[in-house]
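What follows is one structure encoded as structure tokens, with my remarks underneath.
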Amino acid sequence: GGSYPQKNAEILSSQYGINLFLAGLLLTFAWAVHAVGISKSHLLSYLITLMLIQLLWMLWYLCRSCTQRRLIRDKDTHAGARWLKCGITLFAVITLILDSFKIGYYIDFSNCLSPTEGIFPVTHAVHTILQVYFLWCHAKDIIQSFKTLERFGVIHSVFTNLLLWTNGVLTESKHQLNEHKERLITLGFGNITIVLDDHAPQCNCTTTTLCSIFSQGIYYLYPFNIEYHILASTMLYVLWKNIGRKVEHHQQHKTPFKFHGITVGMIFGLIVLTSTIAIVVVYLIQIGRSKIKSELALIMFYLHAIFVLALMCTAGIVALLIYRLEARSLDNSKNPARKLDAELLVGTAAGSWLLSWGSILAIICAQAHPKYTWYNLPYSVLVIIEKYIQNLFIIESIHREQEKVNDDIKTLRIVTISRGSTLSLTPSYKEIYNGRAARDNGEVPCLFKGSICGREETSQENSSVMHSTSDFSFYSRNSVTNNKRRILKNIAAFLFLCNLSLWIPPAFGCRPEYDNGLEEIVFGFEPWIIVVNLAMPFSIFYRMHSAASLFEVNCKT
């Protein structure tokens, strides 16, 4: 209520969400390590309960919004960008396909699976549809009524999505780990104990072909499900931070995405994207076939990644140098969405940095070094440097104030009174200064305020000489500015496609951190696998979040 201090309500709701998440996290961990008395049905029952509670809250919020649709509400223009909504919708559609595969999988193994494994994908599908609709309609809302209750509802939604993300990450990681253990034998690491972590149903499938399609297809769709839930949780977190916020009303300039002027960046980015897809396909085919093929696959991956990361570092440095040459102030106004973007960039980059420093330390400390492991050293160093440079570029870009249009280059609409008492428009005020419009049309130009801009013929000729030199310097400055802007847009477009390219390998099973084998020897198999399983989800999310941020930078530049 109104008597409760809003800061206390924020603290109470955040503590509720954290405890909700920790309970689910512990339950997920207990299932993963086969704890006594904990089965998958317990975990799924907990997640189903959380989703049902969120569904009830969203329905209540939507109904209340419909009854108050005539009221004027404050909106956060920076939150819930259209391209972000389109991205989460795409991931949601693929998530619905994943849910349909899970339903088909449950039907084929219904004799030995818990009913919760059939209820979960149905509930999740309904939850996904309603949540995407909710985010499309209300991601920009600044809630000013029922604030304490809404804080609990929104934070419940945030941590529900984080738990669904954790569940997806764990399920996908266990599948990757089983494949990884089998590959280590081909690389000659026979001293590592290979025990598969099997959660497969203990019964036969009714339709073998369909079961194979469903079981294999599920793991290829999990990366999109993982990205969907983390994007949903970030959008909902911004909504939670905006509750009760006082907004400064100012005009927000729309920044649509345009392909014009970014041809070079798009071409180089598409080359990187297509080559990365080819590398991933070859890697997945060759890895695990034999020791020679596995080593060649690792060398091929490292060489390609080193080349791409070096290009990205160079592009980022060029962009930062251009920023140093420009004198433009930073926008330090309160903006939860922008602040969250910057924090996520640095926070999730720590996952890649942890893996990179682990690989560097393993190369230094290892007693034996197979040939392919030496390529891991420049790769790991470049991963650290590239993220340093890219984070600095993105964070500075989203904080830079948009360039204001100079008065000298604004086209003024001039109302002229013709001899026939009709109104017409002249092209620009520079032509008025030069007397062209007055001489060509025989009209007397007037500004909106009604001041007459007529000039004597002699004064027009004198002024034209004076303006010719200033026009030349003005257009030269404008040309330099446009060239800088064009370079920055091409760099942002190139980095956008490069980050999408670097998201593909780890998301679809191309993970040299698993297959290298050297880190397992130095740190031990289980400790290193724990580090990889904890850090890899953040590394994958970093690439997708960077791509989204760079898309925004491209629109803003």
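The values are calculated or read from the model by the stated rules, or taken from the named source; none is laboratory data. Bear in mind that the values here come from a model prediction, so they are computed numbers and not experimental data. No Cβ is skipped: glycine too gets one built from the backbone with ideal geometry, and neighbour counts run over all protein chains shown. Protein only, heavy atoms only, side chains kept; ligands, DNA and RNA dropped before computing areas. Shrake-Rupley method; radii C 1.70, N 1.55, O 1.52, S 1.80 Å.
Test residue 148 against the criterion of being among the hydroxyl-bearing types (Ser, Thr, Tyr), outside the structural domain of residue 552 (by the TED database), out of contact with any helix residue (DSSP H, G or I) (no Cβ under 9 Å at 6 or more places or on another chain) and on the phi < 0 side of the Ramachandran plot, and give yes or no. Criteria not met by residue 148. Is it the case, given these coordinates, that residue 65 is in contact with a Cys (Cβ under 8 Å, 6 or more places away or on another chain) and open to solvent by less than 20 Å² (accessible area, probe 1.4 Å)? For residue 65, the condition - in contact with a Cys (Cβ under 8 Å, 6 or more places away or on another chain) and open to solvent by less than 20 Å² (accessible area, probe 1.4 Å) - is met.
Residue pairs whose Cβ atoms lie under 6 Å apart, sitting 6 or more positions apart in sequence or on different chains, and linking a residue in segment 84-108 that is aromatic (Phe, Trp, Tyr) to a partner that is open to solvent by less than 10 Å² (accessible area, probe 1.4 Å), are 91/227; 91/228.
Is one or more of the residues making up segment 253-263 of a type in the set (A, V, I, L, M) and modelled with pLDDT of 80 or more? No: segment 253-263 contains no residue that is of a type in the set (A, V, I, L, M) and modelled with pLDDT of 80 or more. Could you list, in sequence order, all residues of segment 41-51 that are surrounded by 14 or more Cβ atoms within 10 Å (Cβ to Cβ) and closer than 30 Å to residue 137 by Cα? Scanning segment 41-51 gives 44, 45, 46, 47, 48, 50, 51.
Scanning segment 124-138 for residues that are closer than 18 Å to residue 154 by Cα and either open to solvent by less than 40 Å² (accessible area, probe 1.4 Å) or not assigned by the TED database to the domain that holds residue 91 (or both) returns 124, 127, 128, 130, 131, 132, 134, 135, 138.
The residue that is nearest to residue 350 (Cα to Cα), among those in segment 369-392 that are open to solvent by 70 Å² or more (accessible area, probe 1.4 Å) and without any contact (Cβ under 8 Å) to a residue 24 or more places away in the chain, is 388.
Collect the residues in segment 124-154 that are within 23 Å of the chain's Cα centre (by Cα) and either closer than 19 Å to residue 28 by Cβ or hydroxyl-bearing (Ser, Thr, Tyr) (or both), keeping them in residue-number order.
124, 127, 128, 133
Annotation: of all residues in segment 513-523 being under 15 Å from residue 177 (Cβ atoms) and out of contact with any His (no Cβ under 7 Å at 6 or more places or on another chain), the one that is surrounded by the most Cβ atoms within 10 Å (Cβ to Cβ) is 519.
Okay, residues lined up against (1) open to solvent by 40 Å² or more (accessible area, probe 1.4 Å); (2) part of a loop (DSSP other than H, G, I, E, B); (3) at pLDDT 65 or above:
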position: 192; (1), (2), (3): no, yes, no
position: 201; (1), (2), (3): no, yes, yes
position: 230; (1), (2), (3): no, no, yes
position: 238; (1), (2), (3): no, no, yes
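Residues that are part of a helix (DSSP H, G or I) and in contact with a Ser or Thr (Cβ under 9 Å, 6 or more places away or on another chain) within segment 355-369 comprise 355, 356, 357, 358, 359, 360, 362, 363, listed in sequence order. Considering only segment 110-123, I want to know if a residue exists there that is charged (D, E, K, R) and either surrounded by 22 or more Cβ atoms within 10 Å (Cβ to Cβ) or under 29 Å from the mean Cα position of the chain (by Cα) (or both). Checked against the condition, which is being charged (D, E, K, R) and either surrounded by 22 or more Cβ atoms within 10 Å (Cβ to Cβ) or under 29 Å from the mean Cα position of the chain (by Cα) (or both), segment 110-123 yields no hits at all. Residues that are over 16 Å from residue 157 (Cβ atoms), part of a loop (DSSP other than H, G, I, E, B) and touching a residue at least 60 places away in the same chain (Cβ under 8 Å) do occur in segment 52-73. When segment 29-40 is filtered for residues that are out of contact with any Phe, Trp or Tyr (no Cβ under 9 Å at 6 or more places or on another chain) and crowded, with 17+ Cβ neighbours inside 10 Å, the ones remaining, listed by number, are 31, 32.
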